[in-house]
Structure formats: C-alpha cells, structure tokens
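What follows is one structure encoded as structure tokens, with my remarks underneath.
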2 protein chains.
Amino acid sequence: MPLPFTPPTHYPDYTLHLIALSLTPFSWRRQLGERLRARHDPAAILQRLLSSKPPHPRFDRASLVARASTAIRRAADCGLHLVAWDDASYPAALAVITDPPPVLWVRGNPAALTSRAVAIVGSRAGSQYGVAVAERLAADLSARGVVVVSGLARGIDSAAHRGALNEKGTTVAVLGCGADVIYPSEHRDLARQIEADGAIVSELVPGTPPQKQFFPLRNRIISGLSRAVVIVEAGEKSGSLITARCALDQGRDVLAVPGNVLTGRNRGGHALLKDGAKIVESADDILEELGLPARGMRGGNEPEDPVLAGLPSGEPCDLDALAERTGLTSARLLPRLFELELAGLVRRVGGGRFARV
Amino acid sequence: MPLPFTPPTHYPDYTLHLIALSLTPFSWRRQLGERLRARHDPAAILQRLLSSKPPHPRFDRASLVARASTAIRRAADCGLHLVAWDDASYPAALAVITDPPPVLWVRGNPAALTSRAVAIVGSRAGSQYGVAVAERLAADLSARGVVVVSGLARGIDSAAHRGALNEKGTTVAVLGCGADVIYPSEHRDLARQIEADGAIVSELVPGTPPQKQFFPLRNRIISGLSRAVVIVEAGEKSGSLITARCALDQGRDVLAVPGNVLTGRNRGGHALLKDGAKIVESADDILEELGLPARGMRGGNEPEDPVLAGLPSGEPCDLDALAERTGLTSARLLPRLFELELAGLVRRVGGGRFARV
C-alpha cells in the first residue's frame, strides 16, 4: 500500500524525475524501461535520453520537470495516488513489460493493481450478447476473487466493470486520459463505484484530455496488469485486438469468446481463435488457463453406467461378451458404446473390442 | 455410373452375398471390411463369419440370402440403384474406412457419391442462426462445385441440403432407414429435390424402418463419403458429435462453426474447437482446409498506406526517421503502426525500430 497522498515538496527528486520521464515521447519507453530495470537514476536517464535526441522545445529538462511539479500539485488537488516505479506497490506484472510506465496515477485503491487480475475487453459497440457475456464472465471471475481489468469504454469494457461490481468484486479501469478526467463522461457514476474498492489508473499526468493515440498505448497497461486477456466481441479492426497483441508480446494468455459468424462482430475474436487463442465459454475456461480450480466442477458421484459397469477394467471385451454381461442386445449396446467413446470413457481396441479408458 | 437397374435374376451370386453380408450384425463390419479389401469372395466371407459365431436363427446363410433376394426385388419395385462393393461407382472414400458398408442403396444419381464432398451436420433443434449458417455454407460450397453431404434430419441437416439446392448444387442425404423410407416424412419433398441431381443413400435394405441405433451408424457413412465434416450448432450430446468422431477415426478433417456461448446450443461444437477442430466463419475456411482457392480473395489493388510507404523494405526504421519521411508526428504514427503491426504488415525490431514484413 502506498502512503496516503504526501504534499509535493516531500517528493524526492527521484519521483519528480520519474514523472518527467513519463512526459517524454512514447517512442523512448523501451530504452527507458531497460534503464529503469537496470536501476539507473531517473535524473541520469532523463539527462542521457535528452542529450541523445535532437533538441525539442517541449522536451528539455527544465520544462519536463516543471510539468512534473504541476502534475504533482494537480494530483494532490483531486486526490490521486501516485504509484511510482520505485514504489513497493508498483505492480510487478507491469514492471516486466518492455515499455513500463515510469509512474501510475491512481484514483481509489492502489492495492487493487497488485492482485491476480484478468482483463476483459472488446468492442465499444457491444451487442446485447457481448454485453451479457462480459458481465457474466466478470461476475464469475469476481466470485473467485480475480480482479477484472478493462478500459471503461462503452460496450464490452463497461459491461465487464459492471459485472465485477454486481458480484462485489474489485475492478480496475485503465484510461487513455488523466485518471481525473473520466472518459466517456457518461461513465462517471460507474467510475465512482469502481474506485470504492478498485482503481482508476492512468500513466498520463492528471488533466490529460483523451486523445485517439493514447488508447492503443493504454491497452498495453490493461494487458500488463493482467495474467490473461479475454476478448469479447471484437470486430476486424477493434482496438481490443491491440490489447491482445500487447498481451502476446508480454507473454500473457490470450483467450476469446466465440459468437455469431454472420454479423462480423466477432471477426477479430475468431481470428485470434484461428491463431491459437483459447476459446472461452465460461469463467471456468479462464480459471483453468490460470491454473485455478474451475467453478463448475462436475460431481463424481453419479451411479455408474450399466454398459460401463459391464466392461471389466483393463480387459478389452467384444460386443458378444458385453451383450452377455449386460443382458443388452448389440443394437442397444452400440449407440451407448458410441456415447461412452465420445465421452472418453471407452475406447475401441483391435478385433472389434472395447476397453475402459 | 452403375447401369440402370437390372432385374434380380441377373445379379450374380457375388452381389447377392454382399447384400447378405450387409444384413449381418454391425459388430462384424470390421472383420468384413478387412476381408472385402483382401478380395475374399463374399460367399466365402459369409460362410467363415457364420461358422465362427454361435448359431443364431436370424443369421444363418439361407435366411440371409433369402432376405437379400427380397431386398433386391423391393429395390426394383421402388427404383433404387444398388451400388455394391465391387461396383466401379462404389465411392473410394468410403471403401477405405474400417467398417465399410458392403452395399449402398441409392435413390437418384449414384455419381453424386464419388464427387468431392463436404458434410455439414448439426442439431435437429437448429436455431435460426444455425439454420442460416448451414444454408449459407452449403450454398457457398455448392457454388464451388463441392457436393454437400448430410443426414436429412430436421434442423441443421435439412438446412444444409436446402442451401445446396438453392445454389443448384448437388447434395447427398444418408439415411438411418431404407433409402425408400424417407424419415422424417415431412422431408419427402426435400428428398425428391435432392434425388433430382444428388442422391439419397442407405446401407440398410429397402423398407428398413428408422431405428435409434441406426443413426450413429449412418453417421460413419456421412463422414466416410466426405473429405471434411463441418459441425454447425451441436449441443453437448448432439449426434453430430458422433459424426465428428467418425471423421477423426477416418482421418477426415473436422471443422466447427462457433456461436453463442450462453445458450448451450454450441457446447459440442466449441468442445471440438477446444480439441483442435478448425474454426469456420465462412465457406472459405472450409475450401482452404481442402486446399481449394478461397472464394473471397482480397484484392491487392488498394493504394498503399502512407506510413507503410514511408518504411523502406528491408531497412528497419525508427520513429524519428519515419516521422521525417512521412511528415507525421509520432503521436499520429504510433496508432497507425500498431494497426499495421496487427495487420501483419509491419513488425517491431530491436531498438524501437519498425520494419516491413
């Protein structure tokens, strides 16, 4: 847990320079990540990066540090937490990606960022089906104590947040604008509910307005905070496919919910399935991928099938012998054997015989 | 092409014994298949099989041959073709399965059985969605000259036949009753349309009523006649999963159409996808699996993307250089590069550089 907000003057230069680094162009992030992981000092990193690039009026040390100070003041004004690279509560899952944010601005509970999390993302124009699936999956994951991460967007994202909240779960929204600027504004109420137990997060300094180019970038944070990314209803050009790509780059699992093939609404998700993403029908499929016990485990107490009971274990049996043991004709036995074979309980061996698996 | 129907007295003993063999218990089919493939004489095979089993009043040589003669007469009466094991028009794809039918009874055009075919099968309780998908896939395969095989059942099967007929395609229905006994009877009109250019097929002698145990068995013929089996809307216990299992046993491709995960209607199909079946969104996915050119090939005449044009081929480029070449800021470039990466046209290389693929 980070300490409650501390006034700006108490921030050491280390943090001030981390914020300044977060204001440099996004294309510098990889170099920055390497150096942060190598425990270089942020002031030194900034100095080196600036000197290796052509000078730019917006990106000189003095103006970056001044903007960083402003950001700290603004965060204090609107009650944002600052979770910086060197903070113990900086999420470990995010620290390992190639282009980690030097700092995160957080509304709500920063501890939500370090719990076991799964991202659920998808189309802004989610259908009734997509919304229902996202809500259901999020609720079922929440019931298992998994934090649900998404992007607060219209459609699937907000359905995922709502599903988690319905189950009194913790959910994290990563924004493509400042954490104090809720976009879209119709989700202000939802944001308030999220921050009660979960968190609203951004790498962008407070007050940053939403801009188109920020959304692909925040997607790497959605996947970076998560152990797996579940795609619900992504069309061919859905931004959630960028999240899926980020997840793959980051070594996270990518899963997708299938759906209607005629509407085009699932073309992106289906393309992921074709490329080997795991298919999700229920939260159990996600839990299984995470190595957690599934919710809907089937009971093993059902009475044994008479045909199965007639098959001695370890000893293949032909149809005539099985007919004798069970008192059933082969006409009755065969369809049942087919079913048992289908269920993986029986297999055919040579000579028209059947064996228990 | 088999000859037009020949009166029973002209059938050699060879054919008569093949029919008699088709009347023996289904559990003998594998042994029977081995011997037929080894070119044993049907009369000798029958003699040997009968002498190796305990005597049974229904399964003695005389009564089997008498029933075979009756079948031939009955077939003549209702205008069925007989395609026997030794017939040049016996489908080669079916001859290689472990349990081939010794004879097929065919209404319509027996040549339809030897064309390149794909099976489309699924739930009897097909939804509007499933029916629409089956019709569309069948129509699109027909437009490419692929024969559509199915089981004339309610729901998906009949939709597949109809889709093929709508496109003036050839379609084959394999029955779980005699080829002269149309089941369900509401599909009599459909059957008549099918046999105009395609075929209604059964391994069961004419007049055999539909029985539950015949349906899993006819499923091996549906897959046996086909190069691939496409599952549309199969619930957890759908009979079409038996067809899929038969297809796998026979070395045929299994493909499945995804759908709604909330209704349970696609649980069987999704289970196949989890086990590695290929996902089908359109007929192109099937054609591709068969090694045929897809229908909806994308044109290559679109003007090149300016960002892509700015990337010299074979020479990775960093963001600054790319900004200079294109005149776009990195804030504009990055989302576009993400999209191009997603489209597989650009990849990231070391040092924050991008390269054309």
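Filter the range B:111-144 for residues that are within 15 Å of the chain's Cα centre (by Cα), open to solvent by 10 Å² or more (accessible area, probe 1.4 Å) and of a type in the set (Val, Ile, Thr) and give the result. Selection gives B:Thr114 alone.
The set of residues from the range B:14-26 being of a type in the set (Ser, Thr, Tyr) and under 24 Å from the mean Cα position of the chain (by Cα) comprises just one member, B:Ser22.
Can B:Val349 be described as over 24 Å from A:Leu49 (Cα atoms) and modelled with pLDDT of 75 or more? No, not satisfied.
Taking the conditions (1) within 14 Å of another protein chain (Cβ to nearest Cβ); (2) in a helix (DSSP H, G or I); (3) within 21 Å of A:Arg218 (Cα to Cα) in turn, A:Ile19 satisfies each one other than (1).
The conditions of being open to solvent by less than 10 Å² (accessible area, probe 1.4 Å), in contact (Cβ under 8 Å) with a residue 24 or more places away in the chain and over 22 Å from A:Ile231 (Cα atoms) are not met by A:Leu82.
Would a scan of the range A:247-254 turn up a residue that is of a type outside the set (D, E, K, R) and facing another protein chain (nearest Cβ under 10 Å)? No - not one qualifying residue is present in the range A:247-254. Is it true that some residue in the range B:243-259 is within 30 Å of B:Cys78 (Cα to Cα) and not acidic (Asp, Glu)? Taking every residue of the range B:243-259 in turn, at least one turns out to be within 30 Å of B:Cys78 (Cα to Cα) and not acidic (Asp, Glu). Among the residues of the range A:307-357, those identified as exposed (fewer than 14 other Cβ atoms within 10 Å of the Cβ) and away from chain B (no Cβ under 12 Å) are A:Ala309, A:Pro312, A:Ser313, A:Gly314, A:Glu315, A:Gly327, A:Val357.
Restricting the range B:145-166 to residues that are within 23 Å of B:Leu80 (Cα to Cα) and assigned to a helix (DSSP H, G or I) leaves a set whose member that is most open to solvent (accessible area, probe 1.4 Å) is B:Arg162. Residue selection: B:Ala44 fails the criterion of being away from chain A (no Cβ under 14 Å), free of Cβ contacts under 8 Å to residues at least 12 places away in the same chain, surrounded by fewer than 22 Cβ atoms within 10 Å (Cβ to Cβ) and within 15 Å of B:Pro206 (Cα to Cα). Taking the criterion of being among the charged types (D, E, K, R) and outside any helix (DSSP H, G or I), the residues of the range A:26-50 that qualify are A:Arg39, A:Asp41. Only residues that are within 10 Å of chain A (Cβ to nearest Cβ) and either under 16 Å from B:Arg245 (Cβ atoms) or touching a residue at least 40 places away in the same chain (Cβ under 8 Å) (or both) were counted across the range B:279-293, and they come to 2. With the structure loaded, tell me whether A:Lys168 is away from chain B (no Cβ under 14 Å), more than 26 Å from A:Thr70 (Cα to Cα) and not aromatic (Phe, Trp, Tyr) or whether it fails that test. Criteria met by A:Lys168. For the range A:49-75, the set of residues classified as open to solvent by 40 Å² or more (accessible area, probe 1.4 Å) and either hydrophobic (A, V, I, L, M, F, W, C) or modelled with pLDDT of 95 or more (or both) consists of A:Phe59, A:Ala62, A:Ala66, A:Arg67, A:Thr70, A:Arg73, A:Arg74, listed by residue number.
Quick check: anything in the range A:291-311 at pLDDT 80 or above, within 24 Å of B:Leu272 (Cα to Cα) and touching a strand residue (DSSP E or B) at 6+ places or on another chain (Cβ under 8 Å)? Within the range A:291-311, one or more residues are at pLDDT 80 or above, within 24 Å of B:Leu272 (Cα to Cα) and touching a strand residue (DSSP E or B) at 6+ places or on another chain (Cβ under 8 Å).
Report yes if some residue within the range A:194-210 is under 17 Å from the mean Cα position of the chain (by Cα) and of a type in the set (S, T, N, Q); otherwise report no. So far as the range A:194-210 goes, yes, one or more of its residues are under 17 Å from the mean Cα position of the chain (by Cα) and of a type in the set (S, T, N, Q).
Just one of the numbered conditions (1) facing chain A (nearest Cβ under 9 Å); (2) open to solvent by 20 Å² or more (accessible area, probe 1.4 Å) is not true of B:His270: (2).
The values are calculated or read from the model by the stated rules, or taken from the named source; none is laboratory data. All of these numbers come straight from a predicted model, not from anything done at the bench. Glycine gets a Cβ as well: all are built from the backbone with ideal geometry, and neighbour counts include every protein chain shown. With ligands, DNA and RNA removed, areas are computed over all heavy atoms of the protein, side chains included. Shrake-Rupley method; radii C 1.70, N 1.55, O 1.52, S 1.80 Å.
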